[in-house]
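Engineer: There's a structure below that I have some questions on.
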Amino acid sequence: SDYLVGKTALVTAAGQGIGRASALAYKRAGANVIATDINGEALQTLAVEGISTRLLDVRDEAAVRGAVAEIGAVDILFNCAGVVHGGTVLDVKDEELAFAWDLNVRSMLRTVRAVLPGMLARGGGAIVNMSSVASSVKGVPNRFAYSVTKAAVIGLTKSIAADYVGQNIRCNAICPGTVESPSLQERMRASGDYEAARAAFIARQPMGRIGAPEEIADLAVYLSGATYTTGQAYVIDGGWTG
Ligand code: NAD
């Protein structure tokens, strides 16, 4: 399609899962895609699809600034990087919470601070931030650090949207339910009983299945071009919270 023709889209954590599906979806929508990740091997699977790739650790402020300086104009920023920690408020270690805060929240400040001045100078831009239903949307058991940080993503999204709505900057968040991805596979294996873990994930999705990364990617693409929405947290969860 030509939905995003002429737009440059910077995607973080594009090596696998939702980020990878999104890089491909942005390309199909006609955007010039810069797919970034810390995993060069994973990025290679996008490079062979004709997508520009570059190593980028979103925890590294200087690297983020350097990457954006080299890329130049960014019209669309999809902040997809994030990590899941299990555990309750009593289980979670301070180091885990600090890590989750840095990767799930501070990373977005780094990328936004790097791209926003350029967007403002060029008269507009779209930012899409990856949150989760496990956030301020819904209390999900055993996801304390994750939910705290993903709720913060919704807060920072609304704040940015409110500050820049008059300058043609739109900023929205995506809140998926359970989505098929390599890290979900890892979590199911790590549970010790893969089949039981998978069945439990499916059982909480009223649609009776886990979401596909492509379904989330379509929403990221839509929000990147949608002209009359900002400051929203879009739930896409197979009916979990409906
Ligand atoms: P994933 O967890 O399988 O992959 C994550 C990717 O992030 C990997 O390619 C990894 O190399 C990259 N990454 C890790 N640290 C990085 C860093 N410092 N800098 C740059 N990249 C880094 O993919 P996923 O499960 O699709 O998750 C993607 C996003 O979607 C995350 O923010 C996650 O919290 C969110 N999310 C996922 C689900 C789900 O069920 N899969 C549900 C809701 C939200």
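Rule-based calculations on the coordinates, nothing more; no lab input. Everything numeric in this text was worked out from a predicted model, so none of it was measured. Cβ coordinates were reconstructed from backbone atoms using ideal geometry, including for glycine residues, and neighbour counts include every protein chain displayed.
Engineer: Rounded to the nearest 20 Debye, what is the dipole magnitude of the chain about its Cα centre when Lys and Arg each give +1 and Asp and Glu each give -1 at the C-beta?
Structural biologist: Numbers: 22 positive and 23 negative charges, 95 e Å.
Dipole of the chain, to the nearest 20 debye: 460 debye.
Engineer: Still on this structure, I have one more. From the backbone phi of the range 150-162, what are the Karplus-calculated ³J(HN,Hα) couplings (6.51 cos²θ - 1.76 cosθ + 1.60, θ = phi - 60°) in whole Hz, Gly and Pro given as x?
Structural biologist: 6, 5, 4, 4, 5, x, 5, 5, 5, 5, 4, 4, 5
Engineer: At 0.36 nm per residue, minus the direct Cα-Cα distance, what do Arg187 and Glu61 gain on full extension? Give it in nm, one decimal, please.
Structural biologist: That works out to 42.5 nm of additional length.
Engineer: A further question follows. For the range 100-193, which chymotrypsin sites (Phe, Trp or Tyr not before Pro) are both in a DSSP coil and crowded by at most 14 other Cβ atoms within 10 Å?
Structural biologist: Loop-located and lightly packed - none at all.
Engineer: Check the straight Cα-Cα distances from Lys93 and name the aspartates and glutamates below 17 Å, setting aside those fewer than 8 residues away within the same chain.
Structural biologist: Within reach: Asp102.
Engineer: Would you mind checking the pairs Lys27/Lys158; Lys7/Lys27; Lys7/Lys138 and listing those with alpha carbons more than 22 angstrom apart?
Structural biologist: Cα-Cα > 22 Å for Lys27/Lys158; Lys7/Lys138; rest within.
Engineer: Here is a follow-up. Enumerate the amide H contacts of Gly211 below 5 Å, restricted to partners 5 or more residues apart or on another chain; note that Pro and chain-start residues carry no placed amide H.
Structural biologist: Thr178, Val179, Glu180
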